[in-house]
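Have a look at the structure below, then the notes.
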Amino acid sequence: MTDAAGERTGAQLKRGLRIATLLVAVAIAGGLGGANLMRHWDVYEWPVAQVVALAMLAAVLACEAVLLVRRRPWNRLRWAAVAVVLAASALSYATLPDGRTSTTTDWIFGAANWAGFTVLLDRPLRTSAGFLAAHELVALLHLFLFDEPDRQALARFATGSVTVIGFPLCVAVGAAVLRGLSAAATTAQRELERVRVVEAVAAASHRRRQQRFTELSASTIPLLEGFADNSLRPDDPAVQRLCAIEAARMRRLFAETDTVADPLVHELRHCADVADRKGVEVELDTRGQWPTPPVAVRRDLTEPVLTVLATAASRARVTVVGSADLVSVSVVADSGEVDVPDPATPGVLVETLRNDETVWMEVQWQPTTPATR
């Protein structure tokens, strides 16, 4: 499962919890609360105020339903909705008959808590607890200011508070646990993906190293074995030429993994560096623009060049000319007789001219699919 899948699962859990909480709030506020309001309609001195309070709760719950359908959170409107719920609670208690706190007449005692909690469901537990405490405080103030807080009234208030505070808090704890599990699952999934990426990179690096070793084993390892068994002498000019050629190949091989704008010229510079270290004066000139050749083609284009450069005595000039239809790499140097392998890629042509100790070689490649660099 990817990070996006884990986030979708967490979002679905949160959405399902919001829907369930909204249904509970609608059932209690609109169903049970509305039924108690109508049952005790004649008891209220200002029944219209109670209807307004119920309408305020209904408006908050309707907004939550709209946000759920549009899959959007409350954001900045959250605290305005909480203020509306607390205002509805205060309005209801302001017009509640004396001695009716936490009774069935006090319908908002068990309705406003769920309406406000629905708005604060995705907030930290302490936020929901703070709202429930504020709602309880409004009811408690009405009890002490307008009722006779005798033992029976206090016991009734405490008993009602168990459900008014306890049930929403239980849901809040469950929501907090789900949020923690979702965050932990997302973190674990991201860590797993990171480990997989690291392992994939390590495996790719190992494959590249194995490929490089295979490519070098055909020519470099026999040269090293010749030094080991003394069949090759370091002071032999022919051996020195072979070593220079292999050094240029190795530098080209390492340069192939670099991320540059022009890999062909970049690899040619590394090939020229071997000759430059021997004191050979090397000039590199580029003209035009050309598509980036594949690795196999670049090797065929640079193989004659690196061979001539590695065996040059004092001077060499490399020219790269290209367009969308043709790439040409030529080299002229005082390298004497040189042998280069035939190109392995179809479409790559090598032309050689010799004049005493001066050698001129040109390698051409015609791209089948023109591209820009």
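The values are calculated or read from the model by the stated rules, or taken from the named source; none is laboratory data. Please read all numbers here as calculations on a predicted model, not as lab measurements. Virtual Cβ from ideal backbone geometry, glycine too; neighbours counted across all protein chains shown. What goes into the accessible areas is simple: the full protein's heavy atoms, side chains included, and nothing from ligands, DNA or RNA. Shrake-Rupley method; radii C 1.70, N 1.55, O 1.52, S 1.80 Å.
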Original post:
Tell me, how many Å apart are the Cα centres for the range 83-107 and for the range 123-151?
Top reply: 11
Original post:
What is the spread of the Cα atoms of the range 286-350 along each of their three principal axes, largest first, in whole Å?
Top reply: 34, 25, 16
Original post:
Once the Cα atoms of helix 47-69 and of the chain are each reduced to a long axis, what angle between those two axes, in degrees from 0 to 90 to the nearest 10, is obtained?
Top reply: 20
**OP:** Provide the per-residue ³J(HN,Hα) series for the range 171-188, in order, calculated from phi with Karplus coefficients 6.51, -1.76, 1.60 and θ = phi - 60°, each as a whole number of Hz, with x at glycine and proline positions.
**Re:** 5, 5, 4, x, 5, 5, 5, 4, 4, x, 5, 5, 5, 5, 5, 5, 5, 5
Subject >> Helix 77-94 axis, angle to the chain major axis (alpha carbon atoms, nearest 10°) >> reply: 10
Original post:
Roughly speaking, what is the centre-to-centre gap between the range 292-337 and the range 205-272 when only Cα atoms are used, to the nearest Å?
Top reply: 16
Original post:
How do Glu267, Glu199 rank by accessible surface area computed with a 1.4 Å probe, from largest to smallest?
Top reply: Glu199, Glu267
**OP:** Would you mind getting the accessible area per residue of the chain, heavy atoms of the protein chains only, 1.4 Å probe, in Å²?
**Re:** 54
Subject >> Computed lengthening from Val173 to Arg72, 0.36 nm per intervening residue step minus Cα-Cα distance >> reply: 34.1 nm
Original post:
In degrees between 0 and 90, to the nearest 10, how far off the longest principal axis of the chain does helix 237-255 point, with axes built from Cα atoms?
Top reply: 20
Subject >> Fraction of accessible area attributable to carbon and sulfur, the range 158-282 (%, probe 1.4 Å) >> reply: 62
Subject >> Cα→Cβ-extended label distance, 7 Å offset, between Leu154 and Thr257, nm >> reply: 7.9
Original post:
When the chain is modelled as a GNM with alpha-carbon springs shorter than 10 Å, which of Ala29, Ala296, Ala175 fluctuates the most?
Top reply: Ala296
Original post:
Given a 1.4 Å probe and the protein chains all in place, what does the accessible area of Trp360 round to, in Å² to the nearest 10?
Top reply: 80
